[in-house]
Number of protein chains: 2
Amino acid sequence: MNVGNNERKALELRSLIKSSGELELSLAEVAVPQPAAGEVVVRMEATPLNPSDLGLLFGPADMSSVKASGSPSRPVVTARIPEAAMKAMANRLDVSMPVGNEGAGVVVEAGASPAAQALLGKTVALIGGAMYAQYRCIAADQCLLLPEGATPADGASSFVNPLTALGMVDTMRREGHSALVHTAAASNLGQMLNRICMKDGIALVNIVRKQEQADLLKSMGAKYVCITSSPSFLQDLTEALVATGATIAFDATGGGKLAGQILGCMEAALGRKSKEYSRYGTNTLKQVYIYGGLDTGPTEFNRNFGFAWSMGGWLLFPYLQKIGPQAVQALKQRVAAELKTTFASHYAKEISLAEVLDPAMIARYSQRTTGEKYLINPARAG
Amino acid sequence: MNVGNNERKALELRSLIKSSGELELSLAEVAVPQPAAGEVVVRMEATPLNPSDLGLLFGPADMSSVKASGSPSRPVVTARIPEAAMKAMANRLDVSMPVGNEGAGVVVEAGASPAAQALLGKTVALIGGAMYAQYRCIAADQCLLLPEGATPADGASSFVNPLTALGMVDTMRREGHSALVHTAAASNLGQMLNRICMKDGIALVNIVRKQEQADLLKSMGAKYVCITSSPSFLQDLTEALVATGATIAFDATGGGKLAGQILGCMEAALGRKSKEYSRYGTNTLKQVYIYGGLDTGPTEFNRNFGFAWSMGGWLLFPYLQKIGPQAVQALKQRVAAELKTTFASHYAKEISLAEVLDPAMIARYSQRTTGEKYLINPARAG
C-alpha cells in the first residue's frame, strides 16, 4: 500500500469458481479503501487456515486435480469441480470471492471517530471475511484490542475457535444440560474446549479416533477420552456418559454413524438409572449438534434411543446473532483476558499469501491433520 | 362383572414377554376395583388397534412365529422374540402388561364425587392404558363426555389421532412455521390432519407411497400430494414446498432416506428465493419431527441442506405435558365439538377381545394397511 498517493493497491487472495467447472485461486491487486470515520485499516500479519476457510477456498474441488500456473509473485492455482457438485455452487459462479474469516494485525490508518483513532498503532484481532489480504479496512467496533504484549500471531484465532468453544458450553447451559460430549476432540478447538471445561469445572467426554490423540488430551488433563477405533468404544462411551450425565454433544464429523451412536449410548446411560419400562424410551432430551463435516459421507443411525432426541446443525454466526450483542461482548472479553492461556492456538507453520497457492503446501494444509494448523502472514514476502 | 358381590371379575387382555424369549398374549380374569370418590367404572365398548398399541402388544416379536393355544373363550397366542431384540425388553420382562391406549364406553358405576356422579350412564371417551378390557376404572377427569347421540364407536379414537393431528398444527404455529409436510399421509391420522388444515386454511404437503393413496387424498380435497414412488418425487416435493413455504415436517416412517430428502427439498425451495451464495446454506430453520417408525431400518441422509436444520423425535404425551393442562383442554373441546366431522374415524372391522388373539385376525390387523384399522368391542361375546 502506498499511503498518501492515489494508487493504494495491495494483494488479496481470491477464489473463483467458473461456469466451466474450473476453480481458480489467485492474488488480486485491489484498491485499499480510505477508511470512513468509524473505520480502520489493518495491516494483516496473522490469519489462520481454518476448516471453514478451506471450505470457501476450495469448494468441492477435486484436490487431486490441483495445478499451478502464473508467476512466483502472482501464482495461480486451478482445480476441477466435479459436475455433480456444480449445482450447489450456482450462487457463487463467476464471482471472485475474497477468503479468510478472521485474523490479526496492526492498525495503520484510522478514520476520524474517537473509537477508530484510539486503535491507531494498536494490535487488534478482527473478524468479517476477506482476511487473506495485505490490508483490511473494517469498522473499528469489529476489532478486538489485544492485551499489551500480545502479537498478531497470538490473536489470529481470537474468534472462530474461542467463540465456538465458549458457544458450546453456553449452549449446554442455556438448554439445561450439565455436561457435554465433543468429537474430533484433539483438534485445536477440542483442546481449547478441554481447557475451558477444566477451568469451569464442567465434565467433558472427548471422542477421538486414535490412541495418540487420546494420549495428547490426557496429557492435557482430560478425564474422559473415548477412542472410536477401540473395540470397546460403545461401552467406554456409555460408561463415560453414566459418570458425567452428559446429554448434549457437539459433533465435528457429521457423516457416518457416530452422531447416532452418541444418542444410543446416552439413552443406554439414562436407561441404567431408570427401572421402569417405557416403549418410547426415556423422557430426557438427548441432543447432538453437528457443527462440521469432517466425514462428508451420509449420516446414518438406528433409532434405538426412544423419541426424546434431536439432531441438528449448529453454526457460530447464527448462534451469536441469537444470543445478542451484549452476551457476545462478554464472550469476547473472556477471550481477550485468557488469550495466552485458555485460548492459545498453536500453528505448525507460518506461510506467505503466495505460499497458500503452492501445490506442495496445499497438499499439506488441506489435510486438516490434528496439530497441523497453518497460519498465513500476509505481510511476509512470497 | 357381578356388581354387588365380592367377585367383580372381568376379562382384560395381557401381553407378557418371558425371560425365555417367548411372547404370550392372553385374556386374564382380573378384579374390577370399586371406584373411589373421584372415579368411574366404564363398560368398554370400543377401543382401536392403533400402531402404538401394536407396539406394546407384540413388541419386537417375529410375527411369522405366531401360534394359537388355549380355549375358544380363553385363547392364548405365543410368538418368539428374536434374541437381538431381548436386550431392549429388559424392563418389561416377566411383567404381564395391560394394553390399549384409548377407547370409549358407558359409565356403569361412579364414585361419590359430583364430577363422577355426573357421568353415570353417560357415554365417555377415555385415555390412560389398559383399555383392552371389559371394564376400566378411571378418574372422572380423564373422561371426555361425548356429545349427545355419539356412540362409543364414534368416540373410540378421540385422543391419540385427534390430539396428534392437532398437536402437529399447534407445534407448527408455536415454532413459527406457516405450512407443514406430512408423510404416510393417507393414514387415518393423515386424513384427519388434511381435514384440520383445510378447515383452518393451512397449506399441507401430503407425502404418500402410491397413486391410489394420492387419489384418495385428492378426492378429499387435498391440494398438494407427492408420491415417493414417482420418478419426479424430489422435483414434485420441491415445487410443493416452493408453493407452500412449508419448513416443518412430521414423518411417520422414520427409517430410510425420506426425512433427509424432505430437508434437502426444503433447502432447495428456500434457495430459489435467495440469490446470495452462502456456503452454510440458508438461515431458515428446517425441521423434521419423526413421530413413528413404519420403516424400522436405519435413518440415512446426506447433509445437503446447510446448517439450519433439526431432526428429532416427537411424541404426543410429552408434547401435551409441555403445553400444559389448559391448552390440552382446549384441544379436547375441539375434538368433542367436531367428533363426527373433522375427527371422524373409520374402521374396517369390529372384533371381540377373543378375536384379537385369533392368528388369522392378527395376520390382517398387524399389517397396518391404509384404511384397514380395526376396532375392538370388549362388550361383544368372543
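For this structure, a couple of remarks:
- Only residues that are away from every other protein chain (no Cβ under 14 Å) and buried (at least 18 other Cβ atoms within 10 Å of the Cβ) were counted in the stretch A:72-88, giving 4.
- None of B:PRO378, B:PRO359 is more than 14 Å from chain A (Cβ to nearest Cβ) and crowded, with 21+ Cβ neighbours inside 10 Å except B:PRO378.
- Here is the figure for the stretch B:10-39: residues that are of a type in the set (Lys, Arg) and buried (at least 20 other Cβ atoms within 10 Å of the Cβ) total 1.
- Some residue of the stretch A:152-175 being without any contact (Cβ under 8 Å) to a residue 40 or more places away in the chain, of a type in the set (A, V, I, L, M) and surrounded by fewer than 23 Cβ atoms within 10 Å (Cβ to Cβ): yes
- Residue match in the stretch A:249-257 (condition: assigned to a helix (DSSP H, G or I), closer than 20 Å to A:TRP314 by Cβ and over 20 Å from the mean Cα position of the chain (by Cα)): no
- Just one of (1) facing another protein chain (nearest Cβ under 10 Å); (2) touching a residue at least 12 places away in the same chain (Cβ under 8 Å); (3) more than 30 Å from A:PHE58 (Cβ to Cβ) fails for A:THR284. It is (1).
- Criterion (among the aromatic types (Phe, Trp, Tyr) and over 30 Å from A:THR299 (Cα atoms)) met by exactly one of B:TYR319, B:TYR347: B:TYR347
- For the stretch A:267-280, the tally of residues that are within 8 Å of chain B (Cβ to nearest Cβ) and in contact (Cβ under 8 Å) with a residue 12 or more places away in the chain stands at 2.
- Selection from the stretch A:176-218 of residues that are closer than 21 Å to A:PRO162 by Cα and of a type in the set (S, T, N, Q): A:SER178, A:THR183, A:SER187, A:ASN188, A:GLN191, A:ASN194, A:ASN206, A:GLN213
- If you filter the stretch B:293-350 down to residues that are in a loop (DSSP other than H, G, I, E, B), among the hydrophobic types (A, V, I, L, M, F, W, C) and touching a Gly at 6+ places or on another chain (Cβ under 9 Å), you find that the one that is farthest from the other protein chains (Cβ to nearest Cβ) is B:LEU339.
- Whenever a residue of the stretch A:89-104 is within 9 Å of another protein chain (Cβ to nearest Cβ), its partners that are at pLDDT below 90 and not in a helix (DSSP H, G or I), lying with C-beta atoms within less than 6 angstrom and at least six residues away or across chains, give the pairs A:ASN91/B:TYR277; A:ARG92/B:TYR277.
- Residue ID - farthest from A:ARG8 (Cα to Cα), chosen from residues in the stretch A:20-71 that are within 14 Å of chain B (Cβ to nearest Cβ) and in contact with a strand residue (DSSP E or B) (Cβ under 7 Å, 6 or more places away or on another chain): A:ALA61
- Listed by first and then second residue, the pairs linking a residue in the stretch B:297-321 that is under 14 Å from B:GLY281 (Cα atoms) to a residue that is among the basic types (Lys, Arg), with Cβ atoms under 7 Å apart and 6 or more places separating them unless they lie on different chains, are B:PHE305/B:LYS286; B:ALA308/B:LYS286; B:TRP309/B:LYS286.
- On inspection, A:VAL41 qualifies as modelled with pLDDT of 95 or more and in contact with a Cys (Cβ under 6 Å, 6 or more places away or on another chain).
- With respect to being under 28 Å from B:THR164 (Cα atoms), surrounded by fewer than 22 Cβ atoms within 10 Å (Cβ to Cβ) and not small (Gly, Ala, Ser), B:LEU126 falls outside the description.
- The residue list B:GLU276, B:GLU300 contains one member that is modelled with pLDDT under 95 and either at positive phi or in the same structural domain as B:ARG209 (by TED's automatic domain parsing) (or both), which is B:GLU276.
- Some residue of the stretch A:2-11 being modelled with pLDDT under 95, part of a strand (DSSP E or B) and either more than 26 Å from A:MET361 (Cα to Cα) or within 14 Å of chain B (Cβ to nearest Cβ) (or both): yes
- Residue check, B:MET131 within 18 Å of the chain's Cα centre (by Cα), modelled with pLDDT of 95 or more and either away from chain A (no Cβ under 14 Å) or surrounded by fewer than 19 Cβ atoms within 10 Å (Cβ to Cβ) (or both): yes
- Yes/no for B:LYS257 being under 22 Å from A:TYR289 (Cα atoms), buried (at least 22 other Cβ atoms within 10 Å of the Cβ), basic (Lys, Arg) and in the same structural domain as B:GLY201 (by TED's automatic domain parsing): no
- The stretch A:333-356, residues that are under 20 Å from the mean Cα position of the chain (by Cα) and buried (at least 19 other Cβ atoms within 10 Å of the Cβ): A:VAL335, A:LEU339, A:THR342, A:PHE343, A:SER345, A:TYR347, A:ILE351, A:LEU353, A:VAL356
The values are calculated or read from the model by the stated rules, or taken from the named source; none is laboratory data. Not measured: the values here are computed from a predicted model. As a convention, Cβ positions derive from the backbone with ideal geometry for all residues, glycine included, and neighbour counts pool all protein chains shown.
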